[in-house]
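This report concerns only the one structure given below.
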Number of protein chains: 4
Amino acid sequence: MERIPVGLVGVTGYTGMELARILAHHPSFELVTATSRAEAGKKLVDIYPFLQGMDMGSIEISQPDPDQIAKACSLVFLAVPHGAAMDMAAELIARDVKVVDLSADFRLRDAAVYAQWYGLEHRHVALIQEAVYGLPELYADAIARARLIANPGCYPTSVILGLLPLLRHDLIETDSIVADSKSGATGAGRKAATGTLFCEVSDSFRAYNLGKHRHTPEIEQELSRIAGSSLTVSFNPHLLPINRGILTTLYTRTTGETPTAESIHELYTDAYAEHEFVRVLPLGRLPETRWVRGTMYCDIGLVCDTRTNRVIVVSAIDNLCRGASGQAVACANLMSDFPLSEGLAMAPLMP
Amino acid sequence: MERIPVGLVGVTGYTGMELARILAHHPSFELVTATSRAEAGKKLVDIYPFLQGMDMGSIEISQPDPDQIAKACSLVFLAVPHGAAMDMAAELIARDVKVVDLSADFRLRDAAVYAQWYGLEHRHVALIQEAVYGLPELYADAIARARLIANPGCYPTSVILGLLPLLRHDLIETDSIVADSKSGATGAGRKAATGTLFCEVSDSFRAYNLGKHRHTPEIEQELSRIAGSSLTVSFNPHLLPINRGILTTLYTRTTGETPTAESIHELYTDAYAEHEFVRVLPLGRLPETRWVRGTMYCDIGLVCDTRTNRVIVVSAIDNLCRGASGQAVACANLMSDFPLSEGLAMAPLMP
Amino acid sequence: MERIPVGLVGVTGYTGMELARILAHHPSFELVTATSRAEAGKKLVDIYPFLQGMDMGSIEISQPDPDQIAKACSLVFLAVPHGAAMDMAAELIARDVKVVDLSADFRLRDAAVYAQWYGLEHRHVALIQEAVYGLPELYADAIARARLIANPGCYPTSVILGLLPLLRHDLIETDSIVADSKSGATGAGRKAATGTLFCEVSDSFRAYNLGKHRHTPEIEQELSRIAGSSLTVSFNPHLLPINRGILTTLYTRTTGETPTAESIHELYTDAYAEHEFVRVLPLGRLPETRWVRGTMYCDIGLVCDTRTNRVIVVSAIDNLCRGASGQAVACANLMSDFPLSEGLAMAPLMP
Amino acid sequence: MERIPVGLVGVTGYTGMELARILAHHPSFELVTATSRAEAGKKLVDIYPFLQGMDMGSIEISQPDPDQIAKACSLVFLAVPHGAAMDMAAELIARDVKVVDLSADFRLRDAAVYAQWYGLEHRHVALIQEAVYGLPELYADAIARARLIANPGCYPTSVILGLLPLLRHDLIETDSIVADSKSGATGAGRKAATGTLFCEVSDSFRAYNLGKHRHTPEIEQELSRIAGSSLTVSFNPHLLPINRGILTTLYTRTTGETPTAESIHELYTDAYAEHEFVRVLPLGRLPETRWVRGTMYCDIGLVCDTRTNRVIVVSAIDNLCRGASGQAVACANLMSDFPLSEGLAMAPLMP
């Protein structure tokens, strides 16, 4: 069977690199176009030396020209920063190319909220309405029918999947939620910057953007939908000295009596019974980022603390794979009528 | 001036090693005795190769004999596990030797609580009453007069110093506190164990003992004293792939209106004005574990999140120095009428 | 098509874990038996939590009984220490089961050399003669016909592949070779030991076993065969604070004039033209362990230093995959008439 | 006693930061001036947050004006890049300020060699002749009398100290030397660059600049002096995923019979008997970078490999302290008639 020709707009970051890794052995997509303003003219292997000896490495990076891309590709992954993505998305949609946008440009349904948190006026408000939030556990059907996917942020993926069953069943005080997230350094991007040099991150740990990270409104939008009413979350990110992985510890207070651990565990296993990429761990086991390294898995651990009347949920994902490029490919799979896991059935790289 | 002869009981762990590092250049203490059941007969340099070429390295490790120790030392640091420490402390106190116990054996004032959390009957209940909790910011005067110090746990040090001003001024709901702590791997000790091998910890991150870590009752005991009423804390530790450092993110809800960041900052700078080892960072700056590496500093960052009505406090310490051996030496300084910072004035090792 | 049922003897180490990772998605092998004296009775997922939710995780670990194994499996991977492997290999061969032995027990063709370096008398000398050294670039045909594979050591794989073309063409002084190898900590095994704790390895670097590592005779045996005469190598390993990867820097002196870099590069690209898993990098590019992470690739970089009359070769492999379990599966592929790369076509996990 | 007022020209790099760390508690020098074109106007604590709460933090960074500096300081440390340092050195020397230059500008005695390796014409050739190479083990007396110190490079320090006794006693073939050096990432500087981002360095390892690193002529110059004849070294650096530390493995071939390990060990202990900062480890022990972390120590381990007729020397230093700023302070100590170790008597930070 012919593979579907796909494009990658923006090769210089870690999400572009991760897309290349996944697509290198995807049975049904073929990367045919890769673009970058800064790196045009080079071969892909010059940017991604790990592709040495693979066919994909010989692709010549081109300038991002919507006409050229549309001629070559049926579907395109946008791995460029927010602000830059929205125009390219509009250009490609206008040329009947399906788009999976890994930036934040189409995640927030309210353009005013976008403007407030990202400091930019949105230039394609109509497309916001059309875009589908690409979390398969919530929107698989809509994703399958979509032309434009707003691929979820890494932190929101870990928070939303962690809280979904509790909120759906109205078990927690909606003004009590604290999300303490810890992310690997790929989340900070691949731009040259002193703050993310090896010697600034290694053997250290820090919090940043407490209470004001841009993923906050995205988290609140999706959790409010699930809960059926508007809620506010205290979302607080930290930077881990690891390459990949997000672990989020979610603190909630139960509305009534603290449920038993067993009942909460059953709630979660039921909620995710049909979702192969969410793994609810047995009681007594807590997730570790390495157990999901390089994969689509979201691992969830559960603790009921009767002393403090809290349900504590720990979720772990690979921020680059599940939190970005793998999820983008999963959406592309659904949009192309492939199984969700096409090309994504990988065992975690341990250790 | 003659230096005061001191002893170290228990050389095989990281706290023993850190005591050796600090004492190696302490101007007023001289390590004269080091004991270990397992390593007796070796020289200290064989266990601590970084002492190569220093006088201290030539000390011969002996069996822990209270009579011998008492003959040689005026003050002894106990760096042995809880359960083992209490008997040695009693033996040494009985021989008029001052004791700084780095274990948990004398931290909990209620022997029943000790029995419940540590699974052991306490064999020296009378000594519990005499022991002083060795946090200089709380108990400097009592420490100076004490014969027996219960050196604080690493996590409790970071939590108590982080919350002290808020609780003293009654600004937060006492049933709302969540402490999300992240510790470097020295906190897990130096015992051979698969779970703390390099390849099990490196490039990964995990939570453990959520809601049931043994430092919980110690935290609650001291915070309750400060608050003037019994309170419960949701304390939740995590394991960082770094050697040294604890960063604790403290989530609180204010009782009334959320105070301004400026007022909270002033509260903290006032509270710690006379305490050289607590550094309240300017608003807008958050602590990093590397900024306190190898030192006694506790760095504190403050965020007032009006969206969620929370004051978020971030505290960072070096778990081995401030959280264990450095704090022990600080107590010994006070017990010997030296300045608190004697031999402890070190700049953080950066990076 | 039915998959071939295979067994894994020895689940507790990193090579067993890596076999599980690779076999989890191998299209033609099915892991049906896993054994361990220490862990018998548990499920595989209890030992390898990253298998959560995968079929393989539900395999119950059994005691290593040759009859049971032979009944269930056509081919078995031995991931037990040297000394223990040889007997199990003999038992399984006697029962017509093919064996890929990841230990050193059948690598040295001379039982006296084995006894000298491993301190053990070999108990199955006849089998040594039958065993094939499982380096596909050297012995693909013999591997395909073999019943018993001596899977190469990790260091030897990196050294042999790095020097093969130079020695085959008689270009270097055979008494001049220095191999300075640096290995990730998985190479040290998964046994609980103080020396490989996170805090003993992290943020540090050290040499060990200089001139006397047990991989030395294996390296010399294979290089001597290639060179056609007996040679001696100064092989010197170091421990890197990384999980996976070996990078070996090979120092050689040319017999005549130093060849041009271009001619050496051509020599290498020719030598490995038919070997998909060896990637000779373009001149000017040097390998990095991350570019081969999780894969079978051996990357080779070349430098001709006319100042010192040396050809310097740098080779990089993943010690667990190419240096152990992946290579074992590659051998099993050849023994089963599958393509060499069956189930092994994976892109490196970057970063 | 009044402390001597000193200046720091160039605060943005790791060597500047390390100078601040050391000077923060130096009993006899007082940092009074810190300059930077890029950061002028800020306080030192804004650049070095670890100085929070220390007097030094309140120094305002100024533009580098030689007149101002000369008015305030008796001695100045230059922590600016090569090329920039030479003019400032000349300006300060002309104003009777002593200078310790941490750049490479005055290390090579032959301006032509400087031009060849650094691609720059030297603008102050006369000063080259006056400059003293700041390795105390070689040039303590000259350092004490010098106005201008060329502070040694990090790699050269590790190589020269490792080979000194062997070369002085004519024991090795001078055309046989291979230096395989591995450095922590602070050696790559603090400039924002993609190649030294955390995610590019972490969990990986690579060689770079094989045979052509700029420290090569510096190494050859000093080793040739020691040997009494011109020699060539194959010097080959690698990048370690650690913050601090260089470990160099030195491969030599003995001219005659391989000496006994004991005789080599005696040679080294004799050579360094009077040099407190060089620690020759007992036979059987090899250095680790962590054992010298944060200190002036150079640890040396020795192996005599009779199989290959080689003496292998392993040396370890902290590249920032011994390899740069600590050594600079040691030179300043000698220039000021202080003991070599003034303010530098620190125990290694372990772990």
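Here is how the numbers come out for the structure above:
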{"quantity": "Condition met for C:VAL45 (of a type outside the set (Ser, Thr, Tyr), under 26 Å from A:ARG279 (Cβ atoms), away from every other protein chain (no Cβ under 11 Å) and not in a loop (DSSP other than H, G, I, E, B))", "calculated": "no"}
{"quantity": "Residue in the range B:174-196 that is touching a strand residue (DSSP E or B) at 6+ places or on another chain (Cβ under 7 Å), under 22 Å from B:ILE312 (Cα atoms) and modelled with pLDDT under 95 present", "calculated": "yes"}
{"quantity": "Hey, B:SER74 among the polar types (S, T, N, Q), farther than 26 Å from D:ARG290 by Cα and at pLDDT 95 or above or not", "calculated": "yes"}
{"quantity": "Wholly within the range B:178-287, helices (runs of 4 or more DSSP H) carrying at least 1 residues that are of a type in the set (Asp, Glu), within 7 Å of another protein chain (Cβ to nearest Cβ) and free of Cβ contacts under 8 Å to residues at least 24 places away in the same chain", "calculated": "B:198-201"}
{"quantity": "Among the residues listed as B:TYR155, B:TYR139, the single one being surrounded by 17 or more Cβ atoms within 10 Å (Cβ to Cβ), in contact (Cβ under 8 Å) with a residue 40 or more places away in the chain and within 29 Å of B:PRO287 (Cα to Cα)", "calculated": "B:TYR155"}
{"quantity": "Subset tally (residues that are without any contact (Cβ under 8 Å) to a residue 60 or more places away in the chain and either hydrophobic (A, V, I, L, M, F, W, C) or within 14 Å of another protein chain (Cβ to nearest Cβ) (or both)) for the range B:324-351", "calculated": "5"}
{"quantity": "Condition check for D:ALA115: more than 14 Å from chain B (Cβ to nearest Cβ), farther than 14 Å from D:VAL9 by Cα and in a helix (DSSP H, G or I)", "calculated": "yes"}
{"quantity": "When residues of the range A:29-42 are limited to those that are closer than 15 Å to A:GLY343 by Cβ and surrounded by 18 or more Cβ atoms within 10 Å (Cβ to Cβ), the one nearest to the other protein chains (Cβ to nearest Cβ)", "calculated": "A:LEU31"}
{"quantity": "Number of the condition not met by C:ALA20 [criteria: (1) outside any strand (DSSP E or B); (2) aliphatic (A, V, I, L, M); (3) out of contact with any Phe, Trp or Tyr (no Cβ under 6 Å at 6 or more places or on another chain); (4) within 14 Å of chain A (Cβ to nearest Cβ)]", "calculated": "(3)"}
{"quantity": "Residue satisfying all of: in the range C:297-323; of a type in the set (D, E, K, R) and not in a helix (DSSP H, G or I); nearest to the other protein chains (Cβ to nearest Cβ) among these", "calculated": "C:ASP305"}
{"quantity": "Which listed residue is within 20 Å of C:ARG123 (Cβ to Cβ) and modelled with pLDDT of 95 or more, from C:ILE59, C:ILE93", "calculated": "C:ILE93"}
{"quantity": "Qualifying positions in the range A:171-199 - surrounded by fewer than 24 Cβ atoms within 10 Å (Cβ to Cβ) and over 23 Å from B:ASN236 (Cβ atoms)", "calculated": "A:ALA188, A:GLY189, A:ARG190, A:LYS191, A:ALA192, A:ALA193, A:THR194, A:GLY195, A:THR196"}
{"quantity": "Residue in the range B:75-88 that is over 23 Å from the mean Cα position of the chain (by Cα), surrounded by 15 or more Cβ atoms within 10 Å (Cβ to Cβ) and among the aliphatic types (A, V, I, L, M) present", "calculated": "no"}
{"quantity": "Residues located in the range D:301-351, provided they are under 16 Å from the mean Cα position of the chain (by Cα) and more than 19 Å from D:LEU23 (Cβ to Cβ)", "calculated": "D:SER315, D:ALA316, D:ILE317"}
{"quantity": "Any hit, the range C:8-25, residues being surrounded by fewer than 23 Cβ atoms within 10 Å (Cβ to Cβ) and over 20 Å from the mean Cα position of the chain (by Cα)", "calculated": "yes"}
{"quantity": "Filter result for the condition that a residue is outside the structural domain of B:ALA179 (by TED's automatic domain parsing), over 26 Å from B:ASP175 (Cα atoms) and outside any strand (DSSP E or B), over B:GLY326, B:GLY294", "calculated": "B:GLY326"}
{"quantity": "The listed residue being surrounded by fewer than 23 Cβ atoms within 10 Å (Cβ to Cβ), among the polar types (S, T, N, Q), more than 19 Å from B:ILE312 (Cα to Cα) and touching a helix residue (DSSP H, G or I) at 6+ places or on another chain (Cβ under 7 Å), out of A:SER230, A:SER224, A:SER263", "calculated": "A:SER230"}
{"quantity": "Qualifying residue in the range B:49-60 (condition: touching a residue at least 40 places away in the same chain (Cβ under 8 Å) and surrounded by 15 or more Cβ atoms within 10 Å (Cβ to Cβ))", "calculated": "no"}
{"quantity": "Answer residue from the range D:98-131, given it is without any contact (Cβ under 8 Å) to a residue 40 or more places away in the chain and among the β-branched types (Val, Ile, Thr) and is surrounded by the fewest Cβ atoms within 10 Å (Cβ to Cβ) among those", "calculated": "D:VAL125"}
{"quantity": "Single unsatisfied condition, A:PRO64 versus (1) free of Cβ contacts under 8 Å to residues at least 60 places away in the same chain; (2) touching a Ser or Thr at 6+ places or on another chain (Cβ under 9 Å); (3) not in a loop (DSSP other than H, G, I, E, B)", "calculated": "(3)"}
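To keep it simple, each residue is scored yes or no on (1) touching a Gly at 6+ places or on another chain (Cβ under 9 Å); (2) surrounded by fewer than 22 Cβ atoms within 10 Å (Cβ to Cβ); (3) not acidic (Asp, Glu).
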| site | (1), (2), (3) |
| --- | --- |
| A:LEU247 | no, no, yes |
| A:GLU257 | no, yes, no |
| A:THR269 | no, yes, yes |
| A:HIS275 | no, yes, yes |
| A:ASP318 | yes, no, no |
| A:CYS321 | yes, no, yes |
| A:MET335 | no, no, yes |
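One line per residue, one yes/no per condition, for (1) β-branched (Val, Ile, Thr); (2) outside the structural domain of B:LEU302 (by TED's automatic domain parsing):
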site	(1), (2)
B:VAL99	yes, yes
B:ARG123	no, yes
B:TYR139	no, yes
B:ILE143	yes, yes
B:ILE149	yes, yes
B:LEU167	no, no
B:ILE172	yes, no
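The values are calculated or read from the model by the stated rules, or taken from the named source; none is laboratory data. Since we're looking at a predicted model, the values are computed, not measured. Backbone-built Cβ (ideal geometry, glycine too); neighbour counts: all protein chains shown.
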